[in-house]
Each structure stands twice: as C-alpha cells, then as structure tokens.
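A short worksheet on the structure shown next.
The values are calculated or read from the model by the stated rules, or taken from the named source; none is laboratory data. Quick caveat: nothing in here was measured; it's all calculated off a predicted structure. Neighbour counts run over all protein chains shown; Cβ positions are idealised from the backbone, glycine included. Each accessible area value is taken on the protein alone, full model and side chains, heavy atoms only, with ligands, DNA and RNA left out. Shrake-Rupley method; radii C 1.70, N 1.55, O 1.52, S 1.80 Å.
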Amino acid sequence: MKALSITGLTKHYPNFTLENVSFSLEQGRIMGLIGKNGAGKTTTLKSILNMVTPDAGQIEMFGRDFRRHEQQCKQEIGVVFGGIDFYSHKRLSSITAVTKRFYSRWDEQAYQKYLKTFELVPTKRVKELSSGMKVKYMLALALSHNARLLILDEPTSGLDPVSRDDLLSLFRQLVKDGERSILYSTHITSDLEKCADDITYIKDGKLLASADKETFIESFQHLRRPEETMQITLEDIMIRTERRNYDV
Amino acid sequence: MFDLLYKELRLAAHPNLFVFTLLGVLVIVPAYPYGMVFLFGCLGPFITFMYGRETNDIYYTALLPVKKRAIVKSKVALVVLSQLVQLSVSLPFAVLRLGLIPDGNPAGIEANVAYYGFGLMIYTVFNVIFLTHFFKSGYNVGWSFLYAIIPATLGVLIMEIVVHFPQFAWLDSVESAMLLRQLPILLTGLIVYILGIIATYRISAKRFDQVDL
C-alpha cells in the first residue's frame, strides 16, 4: 500500500516554480528527498501538508485525497520541521497536554515510554533542548499518536555526527515493522547512504529522479569519469549535477 | 473548538492578554477615561499575536489535525473571549461604583449602558480591521494593529468628548430613566459586534486560505 502518492504538484512563486513533481512512497520505507538549498524541498513538503496552496497536483495519503480528508489524514501523520521551534519558552509537558487533545488515538503509555527512551524531561522548556532533542521530542509526539507517516524537513541539519547517526538509526528502527514510512528532506548525502530505501531528487523545482537507492545511483553512472572504476557516490552525483561555472 | 481555545489559552496567549483583560476593573477608578478599557482590550490581542509570531504558533496549529481555517477560528475566538471577559469583569465594578462613588466620573463617560454599547462598537472596528488585515499574511501584526487602533482610538475619543456636550448629557447619566434611553445603543452595539465577528471570520478565513506559510 502507498503511504503517500503525489501527482503533478505545481506551485508558482514570482521567482521560483515547483513544476509537475510526482513521486510515491510505499508503506514501510524511508524516502530521502534531496536537492540543494532552495531547490524546492520544503515547498514540496509544505504543499503536501496544505501549508502552501499548490496551483495544481494531487496528494493522496493512504489512498485518501489529502485535501478532502485533511483532518483524518493529519491524524495519521507526524511532522517535524527541523529548525522551527514552537513555543520555546513553554515546558514540554504543556505542549504535550495541548497536543494530545487533538489526537483520537493518543497513547499515553507509549508517550511515557518514548520520553524515557529519548531521555526527555517533561519539565524542561523547549529552548533548553539541543537540536537533536527537539527533533526527538517532536518524534515522540508523532509516535504517541500512532503516526504511520512521518514527514521530516531537514531533521538532521545542524546536528553533530553522533546525534545524526543516532537519529538515523532511530529512523531505521521505526520502519522495521513495516507499518510506518518516513519521508525526510536533506542535503546531507551521507544521511541517505546510511538511511534511505528510496531517493527523490529535486533540482530547481523540477523532479530529476525518484527511485529506490540502487536504481537511483545506477541511473546517474553516466556522470562517471573515464578514469573512475568504482560507482560514483550520491555526493558525486549531486555535486556533478549541480556544479556551476562562474565567469567572474 | 474547545480544544483550539484551550491551545490558545495554554500556549499561544501572552500573559499580558490576561492582565489587560482584567483591566476591566478600571471602571472603579473615581476619575478616569473609561474608554481606555476598550483600548486595553485591543492591546492584549495585539501583544498575543506578536508573541504568536515569535513562538511559531501558526505553524504548530497548521500541523495539528485541523483545517487551515481552524487557525483563524481559534484566533477570532480568543479575541472575542478576551473582550467579553473584559466587559464581564468590569460590570460588577461599574455597579459597585454607583454605590461607592455616586459623584460620577469627571474625566469622561460613566460606565453606563451606553458605555458598553459604544465599547462593543469600538471592539468591532478594531476586530474587523486588525484580524482581516493580519490574516492577509499571517505575520504582519504591526501594520494590522496600526491600521486598526487609529480608528478604534478615534471612536474612544468621540465617545469621551461627546458626553461633555449638554445635548448629549443623557449619554453620561446613570439615572434609571436615562439608562433605559441608552438601551438602544447597547443593543446596536451587540448586533454590530456579532455581525462584525461573523464578517471578520469569513473574510479572514478566505484570505488565510490563500496564504502560503
């Protein structure tokens, strides 16, 4: 079953256009959405969530049209925007107390378990958490309402290598039972090597490729130089695709 | 709706909103331009909206399992709640004042029936302009406040000045017969306030639907 299916997503801004983006994510898989800064990753995620009104395109979540069933769909997803803090002066317990009222399938026991597992202290204020802990807190909220699809915008940006590795192995564990799926945007290619089943690449608002990791890497081997004997990596793919020459 | 209002009060509201709302008690001050109470009722939401922008309140709400319009609904509900609570807080003090300080308020209008009617109209002017302008962008609090507070302040000034003219002295009275004569002003205020809120919500929601967060 498809957790998420996007067809023909288009959004025009005065200086940028997200054009005809289509891809889908199967249940139980992790998809990395890559592209350089400003390529349209966040716009894509925000359009999926109706935070940005797309000019065209269809979004289906678990087979349901997102726009028509926005509330039901949102019950089943968890969203983390890396770098955006909510209510930084509030205690985690206050934010949880409010958040849980909105979810019909809130599981308090699970929440307490995630707090312990992630070593989160409910009396702490958001501003007192490190970037990694903030992401973990948002994940704890998402997992406690049994989110089946996690949409994460650059969750590993700004994290140290240890915290990044910690978070990525957590993602792997989360999809292990095949019930949950993760779509996360990143520009850190090593994250994808460690933790992605599928890769969707957006360049200048256009979809360049969307496939499982092996097929994806294979499809870019034409960028390999004659002297190179090994497969080129995701980082090489991105750099060689995006490289520009400045005539200054 | 209750959950959204709970969210507003627990997470989004700045402590100042509660303080300004309680300033309804100012009608017990012996000599004071009571119209200021309504301006505090406008200032409270302004500070809360500024605070909301700092705390990414709209982003948080947009990710909850609610429709985008619910963001508008909960903000409008918070403003209405704070203003109605402010008036309710002031009421017992307005009654108490009659017994405690029967000499009247030399600074401006009495806290009488007309005063509350005018207050609802002043709130309406502020709400319609402030909220509909704010929801054009979802972040432009400062200009929205400026555009709204100027006509609201003019409304307060007119109310405070007009009662000093002899032909409008009945508006400044707390005698039973005069209070009865002021009743249409209160009813008009109530109708204007209700219609204003409905229009504010509809226009704001329509505008906010087009906003890209």
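Look at A:N146 and say whether it is at positive phi, among the polar types (S, T, N, Q) and not in a helix (DSSP H, G or I).
On the way: at positive phi: yes; among the polar types (S, T, N, Q): yes; not in a helix (DSSP H, G or I): yes.
So A:N146 fits the description; yes.
For B:L9, the test of being open to solvent by 50 Å² or more (accessible area, probe 1.4 Å), in a helix (DSSP H, G or I), out of contact with any helix residue (DSSP H, G or I) (no Cβ under 6 Å at 6 or more places or on another chain) and within 14 Å of chain A (Cβ to nearest Cβ) is passed. Comparison of A:E60, A:E76, A:E26 shows that the only residue that is of a type outside the set (A, V, I, L, M), farther than 14 Å from A:I202 by Cβ and within 9 Å of chain B (Cβ to nearest Cβ) is A:E76.
Just to be sure I understand, how many residues within segment B:83-130 are among the small types (G, A, S), surrounded by fewer than 21 Cβ atoms within 10 Å (Cβ to Cβ) and on the phi < 0 side of the Ramachandran plot? Before the answer, list the steps.
Of all residues in segment B:83-130, those among the small types (G, A, S) come to B:88, B:90, B:94, B:99, B:104, B:107-108, B:111, B:114, B:117, B:119.
Within this subset, residues satisfying the condition of being surrounded by fewer than 21 Cβ atoms within 10 Å (Cβ to Cβ) are B:88, B:99, B:104, B:107.
Those still in the list that are on the phi < 0 side of the Ramachandran plot too: B:88, B:99, B:107.
Residues flagged as among the small types (G, A, S), surrounded by fewer than 21 Cβ atoms within 10 Å (Cβ to Cβ) and on the phi < 0 side of the Ramachandran plot within segment B:83-130 amount to 3.
Of the residues in segment A:128-136, none is surrounded by 18 or more Cβ atoms within 10 Å (Cβ to Cβ) and more than 23 Å from the chain's Cα centre (by Cα). Filter segment A:190-228 for residues that are of a type in the set (A, V, I, L, M) and in a strand (DSSP E or B); which is most open to solvent (accessible area, probe 1.4 Å)? Applying the filter and picking the extreme gives A:L208.
Within segment A:138-164, take every residue that is at pLDDT 90 or above and among the charged types (D, E, K, R) and give me the one that is surrounded by the fewest Cβ atoms within 10 Å (Cβ to Cβ). Selected residue: A:R148.
Looking only at segment A:103-112, decide whether some residue is touching a Ser or Thr at 6+ places or on another chain (Cβ under 7 Å), open to solvent by 40 Å² or more (accessible area, probe 1.4 Å), among the aromatic types (F, W, Y) and closer than 24 Å to B:D3 by Cβ.
As a first pass, look at segment A:103-112 and keep what is touching a Ser or Thr at 6+ places or on another chain (Cβ under 7 Å): A:106-107, A:110-111.
Narrowing further to those that are open to solvent by 40 Å² or more (accessible area, probe 1.4 Å): A:106-107.
Right, trim to among the aromatic types (F, W, Y) and you get A:106.
Adding the requirement that they be closer than 24 Å to B:D3 by Cβ leaves A:106.
Yes, that holds for at least one residue.
Among the residues here, A:V121 does not qualify as open to solvent by 50 Å² or more (accessible area, probe 1.4 Å), without any contact (Cβ under 8 Å) to a residue 40 or more places away in the chain, assigned to a helix (DSSP H, G or I) and more than 14 Å from chain B (Cβ to nearest Cβ).
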